[in-house]
1. Under the condition of being in contact with a strand residue (DSSP E or B) (Cβ under 6 Å, 6 or more places away or on another chain) and open to solvent by less than 20 Å² (accessible area, probe 1.4 Å), which residue from the stretch 126-149 is farthest from the ligand (Cβ to nearest atom)?
2. Given (1) in contact with a helix residue (DSSP H, G or I) (Cβ under 7 Å, 6 or more places away or on another chain); (2) crowded, with 22+ Cβ neighbours inside 10 Å, identify the lone condition not met by Ala157.
3. Of all residues being open to solvent by 50 Å² or more (accessible area, probe 1.4 Å) and under 19 Å from the mean Cα position of the chain (by Cα) in the stretch 163-192, which is farthest from Asn25 (Cα to Cα)? Just the residue, please.
4. Find the residue count for the stretch 14-49, including only residues that are of a type in the set (Ser, Thr, Tyr) and assigned to a strand (DSSP E or B).
5. For the stretch 165-204, give me the residue count where each residue is part of a helix (DSSP H, G or I) and within 8 Å of the ligand (Cβ to nearest atom).
6. Glu289: surrounded by fewer than 17 Cβ atoms within 10 Å (Cβ to Cβ) and acidic (Asp, Glu), yes or no?
7. Could you list, ordered by first residue, the pairs with Cβ atoms under 7 Å in which the first is in the stretch 274-295 and within 12 Å of Ser23 (Cβ to Cβ) and the second is among the aromatic types (Phe, Trp, Tyr), at least 6 apart or interchain?
8. Among the helices (runs of 4 or more DSSP H) confined wholly to the stretch 83-146, which include 3 or more residues that are over 22 Å from Arg16 (Cα atoms) and of a type in the set (A, V, I, L, M, F, W, C)?
Amino acid sequence: MEVDERFMRRCLDLARHGLGKVSPNPMVGAVVVHQGKIVGEGYHRKYGEPHAEVNAIASVKDEALLRDATIYVSLEPCSHYGKTPPCVELILKKHIPRVVVACLDPYPEVAGRGINMLCDGGVEVVTGVLEKEALELNKTYMTSLRLKRPYICLKWAQSLDGFLDRMRSDASLPPVLFSSPLMLQQVHKKRSEVDAIMVGTRTAILDNPSLTVRHWSGKSPVRVVIDRNLTIPEGYHLLNGQTPTLVFTAKEKENVPNTDYIRIDFEGDVLRQVLHHLNERRLQSLLVEGGAFLLTRFLEEELWDELQVETASVYLGEGVKAPVLKESNVKQPVVSVYSRKNQGSK
Ligand SMILES: NC(=O)c1ccc[n+]([C@@H]2O[C@H](COP(=O)([O-])OP(=O)(O)OC[C@H]3O[C@@H](n4cnc5c(N)ncnc54)[C@H](OP(=O)(O)O)[C@@H]3O)[C@@H](O)[C@H]2O)c1
């Protein structure tokens with residue numbers, strides 16, 4: 001078991017290289033082991049490209065070794081034709097006699113079928129090796145399949161006395177910027193790892209944020225904003241069409257390149273309609289970057305999985321009150337990051 005865990009840990013390390021590149025697929029790593037030595041390894045590099053098992057098997061120099069090898073995979077091998085042929089077929093074709101899997105794939109077209117097909121083909125299959133770690137690695141994929149909504153991270157920065165910003169009625173005054181350059185980089189890294197990013201109407205209007213990845217490398221997430229009456233001025237960054245953007249509104253408006261206007265019922269449950277739509281688009285992770293009203297709605301409706309609260313050593317005395325966390329809605333430790341007062345940009 002210890003040996004299996006050692007090789008599975010390597011699979012998980014490899015899988016992590018796919019972060020921000022493989023969604024809506026899960027991150028997966030695989031290693032091929034022959035007589036205690038790794039003879040091949042691979043991971044799923046990009047959505048639509050070969051799976052981890054295919055890359056790992058292709059990297060084995062002497063194919064004859066496969067007949068006496070074990071392949072370790074961090075997720076159940078697929079059994080269906082998607083963008084690529086089933087990995088199970090490849091494993092059977094190459095006569096690999098032993099497969100060790102970390103966790104099952106809840107994707108409806110796999111869901112245990114991959115394991116069953118391997119067993120039926122005479123392969124020895126071991127499951128559940130570092131299962132907890134593998135489920136954690138793919139928590140956004142797992143959440144979206146289980147709950148039919150994206151994995152939700154609520155993020156905000158606040159003053160020591162609990163304010164998100166000074167009180168402003170228009171954009172002529174800039175927002176208070178709490179984040180240090182290091183925190184700003186971390187925020188942009190997080191943006192590069194999620195599928196979608198969201199703000200409320202007043203944040204869009206008062207801050208004119210771009211919500212793109214600029215202080216880190218990687219792709220920008222799909223931007224999501226609520227704008228019931230289409231009040232965000234033309235020419236604002238969110239409407240510049242540079243990144244795919246979804247505007248949820250009560251009004252009728254034709255889509256323009258890279259910007260979709262989606263009508264929803266504001267008398268109904270707004271957040272669930274938004275999340276349903278994101279799920280339909282297979283956007284599996286959502287970073288909510290404020291403001292207070294929007295964050296509070298998510299908290300009150302218990303629609304969140306992770307919180308990131310940055311507390312800067314600044315007192316504002318008054319302003320926009322930060323969301324208040326009740327003990328009961330802290331499901332897991334809140335990531336509190338303290339940073340010094342500094343300048344930055346959204
Ligand atoms: N420090 C930080 O981390 C941070 C981050 C972001 C923003 N901020 C600051 O926060 C302030 C803005 O926060 P805010 O609370 O005033 O506004 P907000 O949350 O950005 O936007 C609130 C508005 O968005 C619409 N909305 C949001 N959620 C909705 C829902 N579930 N259902 C229906 N409508 C919804 C409503 O617009 P309608 O009333 O038009 O329907 C609502 O009045 C700004 O000062 C900004 O600088 C700080």
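The values are calculated or read from the model by the stated rules, or taken from the named source; none is laboratory data. Note that the coordinates shown come from a computational prediction; the quantities given were computed from them, not determined experimentally. Note: ideal-geometry Cβ built from the backbone for every residue, glycine included; neighbour counts use all protein chains shown. For accessibility, only protein heavy atoms count, side chains too; no ligands or nucleic acids. Shrake-Rupley method; radii C 1.70, N 1.55, O 1.52, S 1.80 Å.
1. Here the answer is Val129.
2. Unmet condition: (1).
3. Checked the stretch 163-192; the qualifying residue farthest from Asn25 (Cα to Cα) is Gln185.
4. Going through the stretch 14-49 one residue at a time, the tally reaches 1.
5. 4
6. no
7. Gln284/Tyr141; Gln284/Tyr151; Ser285/Tyr151
8. Output list reads 87-93, 113-120.
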